[in-house]
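Read through the structure below, which is laid out as structure tokens, and then see the notes.
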Amino acid sequence: MEFDAVVLAGGGSTRFGGVDKAMLVLDGVTLLDRVLTATADAVSTVVVGPVRTTCRPVDWTVEDPPSGGPVAGIAAGLSHGTTPVVVLLSCDLPWLTKEDVTTLLNGLGDHDGYGLRDTDAREQQLAAAYRRTALAEAIARVGDPSDKSVRRTLAGLDLAWSNPTRAGDDVDTWADFDD
């Protein structure tokens, strides 16, 4: 199944003391490059955030206004690409693989979206495949996307979820990074 990838990498990393989380290195590879490797089969890839050196060519964009939060980032990312399916990922999913992206695509079925649950069974809206039209409509319903809640924005969508998996574990704190 063809898909476009939207990778959110513009957060302030406040729980990391402002360190650029996307550029943290695990086993010699940045967190951002790990996600970009997992999405290498995308028709197009846009990273929402400041331009950085990456393992493969991607498009870049930022939310308007900058620092508007993840919903604003999703809105900015959706303006790139044309495929009916968008794989939306945060840049802090170090255990995500190409096989996990395939799982997302295969799980979509007739749903608006199919996402990963982390090992604590939390649904990860920023680790999911979505139908572009459903995602765009959800964003449009909130009006100005700045500082909106991802969970509230996507609450009306028909979403299905994987069994808990390490691929859904994101890195929000130094303790997560060390696990």
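The values are calculated or read from the model by the stated rules, or taken from the named source; none is laboratory data. Because the structure is predicted, anything quoted here is derived from the model rather than measured. Cβ placement follows ideal geometry from the backbone for every residue including glycine, while neighbour counts extend to all protein chains displayed. Note: areas computed on protein heavy atoms with side chains; ligands, DNA, RNA excluded. Shrake-Rupley method; radii C 1.70, N 1.55, O 1.52, S 1.80 Å.
Looking at segment 58-74, is at least one residue on the phi > 0 side of the Ramachandran plot, open to solvent by 20 Å² or more (accessible area, probe 1.4 Å), assigned to a loop (DSSP other than H, G, I, E, B) and at pLDDT below 95?
Yes; the residues of segment 58-74 include at least one that is on the phi > 0 side of the Ramachandran plot, open to solvent by 20 Å² or more (accessible area, probe 1.4 Å), assigned to a loop (DSSP other than H, G, I, E, B) and at pLDDT below 95.
Regarding residue 138, is this residue closer than 20 Å to residue 91 by Cβ and either crowded, with 18+ Cβ neighbours inside 10 Å or touching a Leu at 6+ places or on another chain (Cβ under 8 Å) (or both)?
So residue 138 fails the test.
Hey, among 82, 30, 45, 53, which residue is in contact with a Lys or Arg (Cβ under 9 Å, 6 or more places away or on another chain), polar (S, T, N, Q) and loosely packed, with under 15 Cβ neighbours inside 10 Å?
Within the list 82, 30, 45, 53, the selection yields 82.
Residues in segment 110-123: is at least one assigned to a helix (DSSP H, G or I), touching a residue at least 40 places away in the same chain (Cβ under 8 Å) and open to solvent by less than 50 Å² (accessible area, probe 1.4 Å)?
No, because not a single residue in segment 110-123 is assigned to a helix (DSSP H, G or I), touching a residue at least 40 places away in the same chain (Cβ under 8 Å) and open to solvent by less than 50 Å² (accessible area, probe 1.4 Å).
Exactly one of these conditions fails for residue 38: (1) at pLDDT below 95; (2) aliphatic (A, V, I, L, M); (3) in contact with an Asp or Glu (Cβ under 7 Å, 6 or more places away or on another chain). Give me its number.
(1)
Can you find a residue that is without any contact (Cβ under 8 Å) to a residue 12 or more places away in the chain, polar (S, T, N, Q), open to solvent by 30 Å² or more (accessible area, probe 1.4 Å) and farther than 26 Å from residue 146 by Cβ anywhere in segment 92-100? Let's see the steps before the verdict.
Going residue by residue through segment 92-100, those that are without any contact (Cβ under 8 Å) to a residue 12 or more places away in the chain are 99.
Subsequent filtering for residues that are polar (S, T, N, Q) retains none.
So far as segment 92-100 goes, no, none of its residues is without any contact (Cβ under 8 Å) to a residue 12 or more places away in the chain, polar (S, T, N, Q), open to solvent by 30 Å² or more (accessible area, probe 1.4 Å) and farther than 26 Å from residue 146 by Cβ.
Looking at (1) of a type in the set (S, T, N, Q); (2) assigned to a loop (DSSP other than H, G, I, E, B); (3) under 15 Å from the mean Cα position of the chain (by Cα), can you tell me which one residue 37 breaks?
Single failed check for residue 37: (2).
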